[in-house]
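A short write-up of the structure that comes next.
Derivation of every value follows stated rules applied to the coordinates shown; laboratory data play no part. Because the structure is a prediction, the values reported are computed rather than measured. Methodologically, a virtual Cβ is constructed for each residue, glycine included, from the backbone with ideal geometry; neighbour enumeration extends over all protein chains shown.
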Amino acid sequence: MKRALVLAALVAAVIAPAALAAPRVLAIHFTAEVNPITQDWLNGQLDRAKRDHFAAAVIILDTPGGLEDSMRKIVAKELELSAAGVPVIVYVAPGGARAASAGVWIS
């Protein structure tokens, strides 16, 4: 009986901190034009948010825009992630930043 209580206390000590941990948010700084290379990198970061169980992904965006095909693939990944329960938030920053052209749709 005493062993069972000690074992239960040890299990609770290991599990409780993980359950009480604050949610993690992945900040992704995207400050480039939208093209196949940057699209692949950004989509990889969004995959990381899902794979590593982040509570959300925040894209900090400053882009002059870019290619439509790459933009569509980024938007599709954002929607895929949101459907999987990982919200994607786009924040145009810092002051003076822009989300021009394809950046509008990514936002």
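Below is a table of values for the structure above.
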quantity: Test for Gly103: is it under 14 Å from Glu33 (Cα atoms) and in contact with a Leu (Cβ under 8 Å, 6 or more places away or on another chain); calculated: yes
quantity: Residue list for segment 77-99, restricted to those being over 23 Å from Arg24 (Cα atoms) and exposed (fewer than 13 other Cβ atoms within 10 Å of the Cβ); calculated: Gly95, Gly96
quantity: Whichever residue in segment 58-76 is more than 12 Å from His29 (Cβ to Cβ) and β-branched (Val, Ile, Thr) and, among such residues, is surrounded by the fewest Cβ atoms within 10 Å (Cβ to Cβ); calculated: Val75
quantity: Qualifying positions in segment 63-94 - of a type in the set (Lys, Arg) and over 12 Å from the mean Cα position of the chain (by Cα); calculated: Arg72, Lys73
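To keep it simple, each residue is scored yes or no on (1) of a type in the set (A, V, I, L, M); (2) in contact (Cβ under 8 Å) with a residue 12 or more places away in the chain; (3) not in a helix (DSSP H, G or I).
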{"position": "Asn43", "(1), (2), (3)": "no, yes, no"}
{"position": "Ala49", "(1), (2), (3)": "yes, yes, no"}
{"position": "Met71", "(1), (2), (3)": "yes, yes, no"}
{"position": "Glu78", "(1), (2), (3)": "no, yes, no"}
{"position": "Gly95", "(1), (2), (3)": "no, no, yes"}
